[in-house]
Amino acid sequence: MLQRQEQIKVGINDLIINKESQKSIIELKYVDSFVLLPVEPFNFRYTLWKPSHFYTGLEAHSVQYSWRTYKLGEKPLGTKIYMNNNNLVVDIFAEGNLDAQDISSLKNRITHSYGLNEDLSCLENIKCSHNYLCKAIEDLYGMHISCPENLFEISIVSLLLQNTTIKRTTGMFQNLIDYYGQLVTFDNICLRVFFTPLDMVSVDEAELKEKCRLGYRAKFVNNYARYFVDNDDNSLQSYDKETLLKELQTIKGVGPYTANVIAAHSLRDFKAIPFDSWNRKIIGGRLFGKSDLEASVLQNMMENMFGDYAGLIALYLIEYEYINNPVVPLID
DNA sequence: GACCAGGTTTTGC
DNA sequence: GCAAAACATGGT
């Protein structure tokens, strides 16, 4: 693990930063609010906060509130999100004023990130032969897929998950975002902001290895950055899902797993399951009592049982696994 | 030291 | 084409 300078905790969320970074914290000011109406059933808490998600420093959650940063073009933004009756309220924090188009793209991004327009009442019709699964669906009922990351960001997250431990994934992520991302503070919260493809396109591979400890992944970061500088999310929207996933796998470092992470999270495909050594154990173990089933075997079993909702069911099982022991607990 | 981690690319039949 | 090896790094 990289040795660090003196570290301090900032914000009521206790973000850990290097002391020398403190001077570069960007203060975001409240600029506006808007309200979105999620389709019912909508479980606010388990949609925006996932008990199984590893620490990023991009978001913080309490029982009532969720704070999150976004990169809108090159502008860093902060959001504070909470429920008011059936409305999802979004307070926006930024460096300066935002124009109508900024607000509109943020609305779209949040709506998409949390699937506010998706109807999950289909969960009631799932044939629940497994008692454990019934409990998972009941206790997490209305939980949507969450993916506030854009295509570049989710690809980077997935790259860092490949063939290593979560401990090291978290370490690599913190190193990367520490060197190449931003630090912001708003509403007494301090958070990190993702770097953009442009930030990474000319970063030296040796630097990524030596400073960020990325290992063999270092050479892939440039590939990802180059691709997403040339192809922003809007231009990729013209592809249908199958074509896009094939297209993304032409990027060196994006294989079937990463493509499936993108499908299941960013493209919000209820059927896709990004099988890895971790969730194979959980899904195989909980549903079939076998923790060492091959991904292809599990895929077939899940599709036979749950059809187009196989991925959604996988999500419920995975999050339920951590419900009483979350990787990153809620703050007070 | 060997082996494994929330995979992917390269190599060698 | 397909299986096996190689890939960086850190922990056990």
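The values are calculated or read from the model by the stated rules, or taken from the named source; none is laboratory data. A quick note: this is a predicted structure, and the numbers were derived from the prediction, not measured. Every residue, glycine as well, gets a Cβ built from its backbone with ideal geometry; the counts of neighbours run over all protein chains shown. The protein model used for the area step is the full one, side chains on, heavy atoms only, and it has no ligands, DNA or RNA in it. Shrake-Rupley method; radii C 1.70, N 1.55, O 1.52, S 1.80 Å.
In the stretch A:228-322, the portion of solvent-accessible area held by carbon and sulfur atoms comes to 46 percent [1.4 Å probe, whole percent, DNA, RNA and ligands not counted].
Quick check for you: with a 1.4 Å probe and neighbouring chains kept, what is the accessible area per residue of the stretch A:130-174, in Å²? Mind dumping the intermediate values first?
Values: 1520 Å² over 45 residues.
Here the per-residue accessible area is 34 Å².
Ellipsoid semi-axes for the stretch A:26-122, based on the Cα gyration tensor and the rule √(5λ), read 22, 16, 12 Å when sorted largest first.
Under the criterion of Cα pairs below 8 Å and six or more residues apart, the relative contact order for chain A equals 22 percent. Hydrophobic, long helices, defined as DSSP H runs whose alpha-carbon span along the helix axis is 18 Å or greater and whose mean Kyte-Doolittle value is at least -1.0, occur in chain A at A:100-113, A:166-180, A:218-230. Mean separation of Cα pairs under 8 Å and 6 or more residues apart, divided by the residue count, gives the stretch A:26-122 a relative contact order of 39 percent. If R0 is 25 Å, the Cβ-Cβ spacing of A:Asn86 and A:Ile323 corresponds to a FRET efficiency of close to 0.55. Probing with 1.4 Å while keeping every protein chain in the model, the per residue accessible area of the stretch A:26-122 equals 42 Å².
Between A:Lys9 and A:Asn131, what is the FRET efficiency for a Förster distance of 56 Å, r being their Cβ-Cβ separation, to the nearest 0.05? For R0 = 56 Å, the calculated efficiency reads 0.85. Here the spin labels are modelled as points 7 Å beyond Cα on the Cα-Cβ line, and at A:Cys122 and A:Lys107 they lie 2.6 nm apart. The label point for A:Glu210 and the one for A:Asn300, both projected 7 Å from the Cα toward the Cβ, are 5.1 nm apart. Protection proxy ranking, highest mean first, for peptides A:24-35, A:46-57: A:46-57, A:24-35, where packing is the per-residue count of other beta-carbon atoms within 10 Å, averaged. Isolated cysteines in chain A, defined as those with no second cysteine Cβ under 4.7 Å, comprise A:Cys122, A:Cys147, A:Cys190, A:Cys212. Highest average first, the peptides A:90-97, A:200-207 ordered by how many other beta carbon atoms sit within 10 Å of their residues are A:90-97, A:200-207. Only the Cβ atoms of Lys and Arg (+1) and of Asp and Glu (-1) were treated as charged; on that basis the dipole of the stretch A:26-122 about its Cα centre amounts to roughly 220 debye. Looking at chain A, the DSSP beta bridges with both ends there are about 90 percent antiparallel.
Taking the accessible area of the stretch A:26-122, probe 1.4 Å, and keeping the other protein chains in place, the carbon and sulfur fraction comes to 47%.
Our note on the geometry: Cα centres of the stretch A:129-151 and the stretch A:23-90, 19 Å apart.
In this structure, the residue pairs whose Cα-Cα separation is over 24 Å, taken from A:Lys135/A:Lys281; A:Lys75/A:Lys219; A:Lys80/A:Lys271, are A:Lys75/A:Lys219; A:Lys80/A:Lys271. Near A:Pro38, once Lys and Arg are set to +1 and Asp and Glu to -1 for all other residues with Cβ below 11 Å from its Cβ, the sum equals -3. At an R0 of 41 angstrom, the distance between the Cβ atoms of A:Lys75 and A:Ser277 translates into a FRET efficiency of 0.60.
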